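The values are calculated or read from the model by the stated rules, or taken from the named source; none is laboratory data. Since the model is a prediction, treat every value here as computed from it, not as a measurement. Here Cβ is always computed from backbone atoms with ideal geometry, including for glycine, and neighbour counts include all displayed protein chains. Accessible surface areas use protein heavy atoms only, side chains included; no ligands, DNA or RNA. Shrake-Rupley method; radii C 1.70, N 1.55, O 1.52, S 1.80 Å.
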Amino acid sequence: MNDAEAIALALEEAKSAALRGEVPVGAVLLAPDGTVLARDGNRIQERKDPTAHAEMLVMRAGALALSNERLIGTTLYVSLEPCAMCAGAMAMARIARLVFAACDPKGGAVLHGPRFFEQPTCHHRPAVMQTEPHAFEAGEILKDFFRARRR
């Protein structure tokens, strides 16, 4: 599976999260060979768990699938720039690559805010790529979700 296909799956998960009333963020974790280890969307409200971000859910599922807390060689795709909690978990899990669609100037911690992977205390830094072609669609999913909530 290539980057475009994996981001498309993450966007599908974001849309599913929105249908559940969750903030529409979706994530997909690929094994080093390109097979899907896990895919999910936010489930914070459903699980009454503030850590049930899409990224956290797929990393947990991926670790179980690989029977290893180290996700070496994997690529994490997410529809929105990860927060500090998720970035920290990615570093601990040794994710090889992070690919995300939309930037998050308010809550993101990769290119914005604390720039987690640039901190001297961060011992593992995944290769990071923001995929511009999908940023607009990811942003629209989020805007539509919050616009409907404000009515």
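Nearest 10 degrees, 0 to 90: what angle lies between the long axis of helix 3-19 and the longest principal axis of the chain (Cα atoms)?
Long axis of 3-19 versus the principal axis of the chain: about 50 degrees.
At what distance in nm do the modelled label points of Arg94 and Ala148 sit from each other, each positioned 7 Å from its Cα along Cα→Cβ?
A separation of 4.1 nm, rounded to one decimal place.
Please calculate how many Å² of accessible area the chain carries per residue, with a 1.4 Å probe and no DNA, RNA or ligand atoms counted.
For the chain, the solvent-accessible area averages 50 Å² per residue.
Which Rg and Dmax, in Å, describe the Cα atoms of the chain?
Cα only, the chain: 14.2, 45 Å (Rg, Dmax).
Determine the sum of side-chain charges near Ala8: Lys and Arg each +1, Asp and Glu each -1, restricted to other residues whose C-beta is under 12 angstrom from that of Ala8.
Net local charge, Ala8 excluded: -3.
Is the shape of the range 22-69 rounded, prolate or oblate, going by the alpha carbon gyration tensor and its root eigenvalues a ≥ b ≥ c, with a/c under 1.5 for rounded and a/b larger than b/c for prolate?
oblate
By the scheme Lys and Arg +1, Asp and Glu -1, what is the net charge of all other residues having a beta-carbon under 11 Å from that of Cys103?
-2
Percent relative contact order of the chain, based on C-alpha pairs within less than 8 angstrom and at least six residues apart?
19
I'd like the distance between the alpha-carbon centres of the range 1-54 and the range 81-139, rounded to an integer number of Å.
Using only Cα atoms to place each centre, the spacing works out to 15 Å.
Any idea what angle helix 132-150 forms with the longest principal axis of the chain, computed on alpha-carbon atoms, 0 to 90 degrees, nearest 10?
Helix 132-150 sits at roughly 50 degrees to that axis.
Mind giving me the nanometre distance, one decimal, between the label points for Met129 and Ile72, set 7 Å out from Cα along Cα→Cβ?
Placing both labels 7 Å along Cα→Cβ, they lie 2.2 nm apart.
Given a Förster radius of 41 Å and the C-beta distance between Ala4 and Lys48 as r, what FRET efficiency does 1/(1 + (r/R0)^6) yield to the nearest 0.05?
0.75
Rounded, prolate or oblate, given the Cα gyration tensor of the range 69-151, with a/c below 1.5 counting as rounded?
prolate
Could you please state how large a percent of the accessible area of the chain is carbon and sulfur, counting protein chains only and using a 1.4 Å probe?
56
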